[in-house]
Each structure stands twice: as structure tokens, then as C-alpha cells.
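What follows is one structure encoded as C-alpha cells, with my remarks underneath.
Derivation of every value follows stated rules applied to the coordinates shown; laboratory data play no part. Just so we're clear, the structure is a prediction, and the values are computed from it rather than from any experiment. No Cβ is skipped: glycine too gets one built from the backbone with ideal geometry, and neighbour counts run over all protein chains shown.
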Amino acid sequence: MLDRETDPTMLRFCDYSIPRKLAWMNLLVSGAALLLACGAFVAYDLISFRESMVRNLSIQAQIVGSNSVSALLFNDPQSARKTLSALSASPNVVTAGIYTADGRPFAAYGRDRGSEAQLPPNPAAKTQLSFRDGQLVVGRSIIFERKPAGTVYIQSDLRELSDRLKRYLIIAAALLSASLMAAMWLSSIFRRIIAEPIGRLAETAGIVSRDKIYSLRAPTTGNHDKLDTPIETVKRCWHRFKSATPPYKKPTTKWSGGSRSAPRS
């Protein structure tokens, strides 16, 4: 629990005026609600997009495997490389490869044509689906006549996912800024309705306490809402106090006659 005597932030906030406290309260509540809503939407979309990436890459691996069966059966690596080259239509695929049934590399594809594709030595020993080192790795077995004929290995980066997250952050920041500006504008309108009657009541109470003008009254809002309750209560208290206090009379001194002599030493 925050302690006003030890926490300087709470001490400064407690010294703020009522309109300023209302403005900060509206901003904090609006900002927290927007952050939670944006965070929930972004998290849901990223999870859904990851699942979509896994599904699309698995479908690509299945298609490559189905089109590579004849190349594996007839030991035609050139045909297998042509099949893998179709993955160039997907810019997120970094490397891909086809392995024989005994785990030997058969054909490889690399996004960077200037360098040789780096494939793991035995993808069958790896997890068929995993997110690691900022990449998505999918491995699928090639089945022919219910027997394993080889393995397809595809490695994709997560650049599309990171770009999507950056766009969401920019949109969320713009939305949060616009919403906070709108909240400040609305707060400046509504806080006059709430804070001004309380401020007038406090000002009237200060004048009565300082100048002893008990006939002074705080103006009511005329809305018959909760803000009128303390004003009417204070008015009744002042009326009762004025009725119960006897009128002030200036004391008079009656002399028996003659002039008052000075006291003797």
C-alpha cells in the first residue's frame, strides 16, 4: 500500500486540485483500458498468424513431398531441385531440402543464390515442427505406397511476423494517442460540471470562515444531483448555526455619576 508520508509521487498527487485529479483519473482509466484491449487483440492476432504460418508451411512441405516421389524413386536430384525451386515464390523460405529414406541429402534449395544451402545432417532426428532461433522449421515424411521414401525439410524466417507486430504497435500507438487526446478534451468539458460546484462550495466556506459572513450562500447547480446534496447540507448547517447564535450586542457601561477618577497608586 502506498504511504503518502513516504511516497513523493502520492504526496504530489494528493496536492493536486480536484479538476486536475479528475483529468488524470480519466487519462489513466482510458489509457489502461485501451492498453488491455490493444494487447488482447495483438496477442490473439499473433497467435492466429503463427498457426497460419505453420499450416501454410506444412501444406508447402506436403506439396513438395508429393511432387518429389518420382525424383526419389528414379534417383533424379535435378528434378527434385526444380521442384524445390518453386519455393522461391515464398520469400520467407530460407532453406529447403529433400532427403532420402536413409537420411542422406538428395536436393537442396537456398533463398540466397550466391551461397550454398545449409541443411541439417539428419532431419529425421529433429523435431518435425518447431520455432527456434527466430525461425520456423517444418519436416514432413514422404510416403509412397505406405512406405517412407524420404523427408522434406523447410526452414522459414519470422520476418513477416515481426513486420506484422511492428505495424500493430504503430497502429496501437496512434490509436492510444488519439484516444487520450479525445479523453483530455472530454475531461475538460465534464470536469467543469463536477469540479466547479465543489470549488464554489469550498470558496464560499473559506470566505465564511475567514470573514464571518454567515449570510453568504453557495450557489446550487439546479440539477438535483449528488453535487447539490453537500451544498444544501452546508446551507442548512449555516442556517442552524445562525439561528442558534444570539445576535452580537455591543457592551455598554453605565456610570453612577461623576467623572471616573484615576486609580490610586
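Put a dot 7 Å past each Cα toward the Cβ at residue 129 and residue 102; how far apart are the dots in nm?
So the label points at residue 102 and residue 129 sit 3.1 nm apart.
Between residue 177 and residue 63, what is the spin-label point distance in nm, taking each point 7 Å from the Cα along the Cα→C-beta axis?
4.1 nm
Quick one: 24, 185, fewest Cβ neighbours within 10 Å first, how do they rank?
185, 24
Once R0 is set to 35 Å, what does the formula 1/(1 + (r/R0)^6) return for the Cβ-Cβ distance between residue 207 and residue 36, expressed as a FRET efficiency to the nearest 0.05?
According to the calculation, E is roughly 0.20.
Quick check: net charge around residue 42, other residues with Cβ under 14 Å of its Cβ, Lys/Arg +1 and Asp/Glu -1?
+2
Distance in nm between label sites at residue 88 and residue 112, each 7 Å beyond Cα in the beta-carbon direction?
Each label point is offset 7 Å from its Cα along the Cβ direction, giving 1.8 nm.
Classify segment 26-157 as rounded, prolate or oblate from the Cα gyration tensor: take a ≥ b ≥ c as the square roots of its eigenvalues, call it rounded if a/c is under 1.5, otherwise prolate when a/b beats b/c and oblate if not.
It is prolate, given that a/c is not under 1.5 and a/b is the larger ratio.
With r as the distance between the Cβ atoms of residue 21 and residue 170 and R0 = 45 Å, compute the FRET efficiency 1/(1 + (r/R0)^6) and round to 0.05.
Once rounded, the FRET efficiency stands at 0.90.
How would you order 96-102, 174-180, 60-66 from highest to lowest mean count of nearby Cβ atoms within 10 Å?
The densest-packed peptide leads the list: 96-102, 60-66, 174-180.
If each residue's Cβ is checked for other Cβ atoms within 10 Å, how do 181, 53 rank with the fewest at the top?
Ranked by crowding around the Cβ, least crowded first: 181, 53.
Quick one: order 47, 207, 154 by neighbouring beta-carbon count within 10 Å, fewest to most.
Least crowded to most crowded, the residues run 47, 207, 154.
Kindly state, to the nearest 0.05, the FRET efficiency for residue 162 paired with residue 185, given R0 = 35 Å and r defined as their beta-carbon distance.
With a Förster radius of 35 Å, E is 0.50.
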